[in-house]
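Working notes, structure below.
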Amino acid sequence: MQILSISLKNIKIHRDKELYFVKGINVLSGDNGVGKSTVFEAIGYALFGVDARDFVGNIERFITIGEKKGEIAVTFTADDGETYRVLRTVGAGAKWLLAKEINGTFEVEDHAGAPETEARIKGLLGLDSGRPLADQYKLVIGPFQNEFLGPFVIKQPTRRQEAFDEILGIDAWRKTYKGTSTLLASVKNKIEVLSVKIKGKQEQITAMPERKKELNDLVSMIDTQKKILSEKEKSLSETERLLVDLDAQEKAVNTIRSEIQILENRIRDGQGKTADQEKRVKEAEKALEIIEKNRAGKEDFETADADLKTLREQDRLRREIERDIIGLDKESAGLTQSLAHEKNEVEKVERQQNEEEGRLLEAMKALAADKETEATAARLPGLKKEAEKLHQAQGLLKGRRDGLQEGKDKLSEGICPFFKEECQNIAGKAPRDVFSARVEELDREGLELDRRLDALIKDITASETARRKLDSIKVQAQEIEKQLDALNKRKTENNNRRLSLKGLQKRKEDAEKKALKRKEDLKKYSSLDAEISRVEILRSKHQASRDAFFANQKDADDLNNRRESLKGFLKVLEELKQALVVKQKGLETIQKDYDIKRHIEARVKKEQLVAGVASIKQKVDALDKDSLRIEEEIKRMKQIKKEITELLNEKKGLEGKEELVKFLRNKIFNNVSTQLSERFREEISLRADIIYRNIAETDEELYWGDKYQIVLRDMQDGELRERTDEQLSGGQTMSAVVALRLALLQTIGARVAFFDEPTSNLDAARRANLAHAFRAIDVGREEVTEHWYDQLFLISHDIAFTEVTDQIISL
């Protein structure tokens, strides 16, 4: 596996940066703040899926200031020899895509989401251990700069053990042991709860024998009451049959009485309606007499009314003619005034336009440019090009001079420009001055360029002045031409206005002719007002006759209908009187067979029987309810007895589970994590000890002790000495941590690793030894360890790494 390159766009300080890596050791070097650690963070974010907030807290700080989105692309080759590119964006709508190179182009693989993308990358990197990629990177492969010592320097043993158990992936057994304590307590609690439930239910079924005896007594009482109820219901049935016959007789009597009452009411109503109808017949006969008396006056009124409508229509036509005459007179006067005004305006505008045209032609003649000004202006483009060449030459001279001066200053201080450290090549020697003569020569060339540029600027200024003068003349001429064009348009418009005067004259003559014609039409209506007055007097004279005719017309027209209705009323009244006599005779016959006293006695007896039956039914219902209640209690007690059996079986099963959980916790879970920890520590200690000895060049033995404590062993005065924690110097601790981290990476099978400033707290000798140890691992020297990684990435300013690295990338 090998990371080939990384592309960063708008990521912190890197707006658009692309870096390429080689197999083996890659060192990133540069001043503080140039973004070295950002490159490691970007690889962790894109390739290992680390959350950007793990680096910066607020995700917006991971993006270049002023930008809204960032993008990281990492290209790598997998163990299968194929090339892949993983791209991950930062900001709103972030995406994580994996593409495979096919025939020189990258084609994005179709994944359902981020989990599927992560699983695919884990397989390609050979890190499919079940732990998330982000955790593997943060904990082991590329811990952050401020967390490099991380869990190694945790003082509390228990917390340190938990941290490294998690890194090694063996914390599950310890967590299971702790987690099952809750399970064991839960099982015990359930057993106690079941015991309480069983005891309570057993107390509930103690009253079952008493309830069975009570139920038998209730059944006997219900049978006795049902026999009494049967006898009373039989007597009630006989009484009800007698009441049916008596009710039928009573109903027949009441029905005939009701019918007689209805007939009597109808006869009274008929007599009233007959009297009203006779009165209405007389009113219709009187109305007929009034109509005949006023018929002639009504006809004269209608004739006068029709004549008046005709005359009023003529009056409307007369008013229309008068309005037309007034409108035509106004139109003629207005056109006369408009014609005179428009003629004066046209002549006035024509004079003004002729004067303006003369002024513009004189101004056009006055504009002209001399030949010397035109020649001076024509030189301007060539002069500017020559000035641009001189400026470029000045810039090159200044850059060369600044570079020579910087080299002179740094060499005089004895500092290496690349590593920003003391240069070992000139240590203890006086620096030679190889820069002063060249700097003076460049200064002379610069003065000559300044002189030539000053003369050229004067010529450019004169040419620009001439150019501006020509541009001004051109602009003035264009403006005069625009004004002449506008003047011609206005003259055309004024000529069109002169031609429109003929139309106004014709409209004026037409209006005068129409007015004369309408005045002739008005003479026909000279006697119209007198005729209207005569007809209105005649109409008013016959108004009363017309009103009387129409007021009585409706009653007179209804006379025949009223006479026929009166005959019908008299006939129906006679039929109702005959039916009343028949009903009265039938009532006398029915009343002879009906005994009202016997009827009342039968009703009282029925009410007494109904009350007795209801009372007995109520008692039986109450007894039935008590019986059902007791049966339900007995049934519930039987169910409780069944539940007690089930609870006892459940309690027995839980007691077996309790014994199983105790066995697993005490015999298995509590021991497995400890045994695995010992095996890992033993294997990692062997590898780390060899690396540590190469870094420290000492006879001390590095051992990863109980609860992952760093232990250094050596012989002092013939006795074994062990030192831990505060007893170790900063350099010893850092050397041990680097050795353990390298051994840990090899143990978990990581093929790539990232170290941010691994030489902190190390003296010069240890830094050099660490660099050689990295190279020894890279080539697989036997005295250190076998080769296990494909690439190692370091951030360092240490010159020792320049001798062992495969590539130095300067930012």
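The values are calculated or read from the model by the stated rules, or taken from the named source; none is laboratory data. Just so we're clear, the structure is a prediction, and the values are computed from it rather than from any experiment. Glycine also receives a Cβ, built like all others from the backbone with ideal geometry; neighbour counts cover every protein chain displayed. Please note that ligands, DNA and RNA were not included when accessible areas were found on the heavy atoms of the full protein model with its side chains. Shrake-Rupley method; radii C 1.70, N 1.55, O 1.52, S 1.80 Å.
Some observations on this one:
- Rounded tilt (10° steps) of 380-413 against the dominant C-alpha axis of the chain: 50
- Qualifying trypsin sites (Lys or Arg not before Pro) for segment 52-118 [loop in DSSP, other Cβ within 10 Å: at most 12]: 68, 95
- Rolling a 1.4 angstrom probe over the chain with all protein chains present gives an accessible area of which 50% lies on carbon and sulfur atoms.
- For residue 479, the accessible area of its heavy atoms, probed at 1.4 Å with every protein chain present, is near 90 square angstrom.
- The residues of segment 538-651 present an accessible area of 72 Å² per residue when probed at 1.4 Å with all protein chains retained.
- Taking only the Cα atoms of segment 280-366, the ratio Rg/Rh comes out at 1.77, with Rh defined as the Kirkwood radius.
- Karplus-based coupling profile of segment 154-161, in residue order and whole Hz: 5, 6, 6, x, 5, 5, 5, 5, with θ = phi - 60° in 6.51 cos²θ - 1.76 cosθ + 1.60 and x standing for Gly or Pro.
- Shown in residue order for segment 36-47 are the 3J(HN,Hα) couplings computed by the Karplus curve 6.51 cos²θ - 1.76 cosθ + 1.60 at θ = phi - 60°: 5, 5, 4, 4, 4, 4, 5, 5, x, 5, 7, 8 Hz (x for Gly and Pro).
- The residues of segment 670-741 expose, per residue, 50 Å² of accessible area to a 1.4 Å probe.
- Selection among 381, 568, 769 by position relative to the dipole of the chain gives 568 as farthest towards the positive end (Cβ unit charges, Cα centre).
- Heavy-atom surface of segment 1-154, accessible at 1.4 Å and reported per residue (Å²): 45
- With the whole protein complex present, residue 117 retains an accessible surface near 0 Å², based on a 1.4 Å probe.
- Taking all Cα pairs closer than 8 Å and separated by 6 or more residues, the relative contact order of segment 32-161 comes to 20 percent.
- Mean-position separation - Cα centroids, segment 71-143 and segment 263-278, in angstrom: 110
- Most positive-pole-ward Cα, 364, 317, 353, against dipole of segment 317-409 from beta carbon charges: 364
- Using the Cβ-Cβ distance between residue 155 and residue 698 with R0 set to 30 Å, the FRET efficiency from 1/(1 + (r/R0)^6) comes to roughly 0.75.
- Note on segment 265-343: with charges restricted to the Cβ of Lys and Arg (+1) and Asp and Glu (-1), its dipole about the Cα centre is near 580 debye.
- Signed unit charges on C-beta, dipole axis of the chain, positive-most listed residue 724, 525, 538: 538
- Alpha carbon centroid spacing (whole Å) that separates segment 711-770 from segment 391-406: 49
- Mean separation of Cα pairs under 8 Å and 6 or more residues apart, divided by the residue count, gives the chain a relative contact order of 26 percent.
- Whole-Hz couplings from phi, Karplus 6.51/-1.76/1.60, listed for segment 64-80; x for Gly and Pro: 4, 4, x, 10, 9, 9, x, 8, 10, 10, 10, 9, 8, 10, 9, 5, 7
- Shape annotation for segment 679-764: C-alpha extents along the principal axes are 43, 34, 21 Å, from largest to smallest.
- Nearest-ten-degree value, helix 596-664 long axis tilted from longest Cα axis of the chain: 10
- Only Lys, Arg (+1) and Asp, Glu (-1) charged, at Cβ; the chain dipole about Cα centre in debye: 4300
- For residue 680, the accessible surface of its heavy atoms amounts to roughly 60 Å² (probe 1.4 Å, protein chains only, rounded to the nearest 10).
- The base-10 log of I(q)/I(0) for segment 504-547, evaluated at q = 0.24 Å⁻¹, reads -0.83 [Debye formula, identical scatterers on Cα atoms, solvent excluded].
- Estimated [θ] at 222 nm from DSSP helical runs (n ≥ 4, -39500 (n - 2.57)) normalised by residues in the chain, nearest 500: -25000 deg cm²/dmol
- For the set 797, 14, 391, solvent exposure ranked by accessible area (probe 1.4 Å, protein chains only) runs largest to smallest as 391, 797, 14.
- Taking amide H as placed 1.01 Å from N in the peptide plane, residue 811 has its amide H under 5 Å from the amide H of 29, 30, each at least 5 places away in sequence or on another chain.
- Among the GluC sites (Glu not before Pro) within segment 543-583, not one is in coil by DSSP while having at most 12 neighbouring Cβ atoms inside 10 Å.
- Rounded to the nearest 5, the antiparallel percentage of DSSP beta bridges internal to the chain is 75%.
- Magnitude of the charge dipole for segment 61-167, about its Cα centre and with charges confined to Cβ atoms of Lys, Arg (+1) and Asp, Glu (-1), is about 620 debye.
- Cross-link check: pairs 234/625; 226/625; 330/517; 641/662; 343/502; 309/330 evaluated at a Cα-Cα cut-off of 21 Å; pairs beyond the cut-off: 234/625; 641/662; 309/330.
- Largest to smallest in accessible area, the residues 734, 221 fall in the order 221, 734 (1.4 Å probe, all protein chains included).
- Checking (1) 110, 86, 16; (2) 48, 28, 22; (3) 47, 31, 26 against semi-axes √(5λ) of the Cα gyration tensor in Å calculated from these atoms, the matching label is (1).
- Amide hydrogen neighbours beyond the local backbone of residue 15, cut-off 5 Å, H modeled: 10
- Where trypsin sites (Lys or Arg not before Pro) fall in DSSP loop in segment 566-598, at most 15 other Cβ within 10 Å: 592
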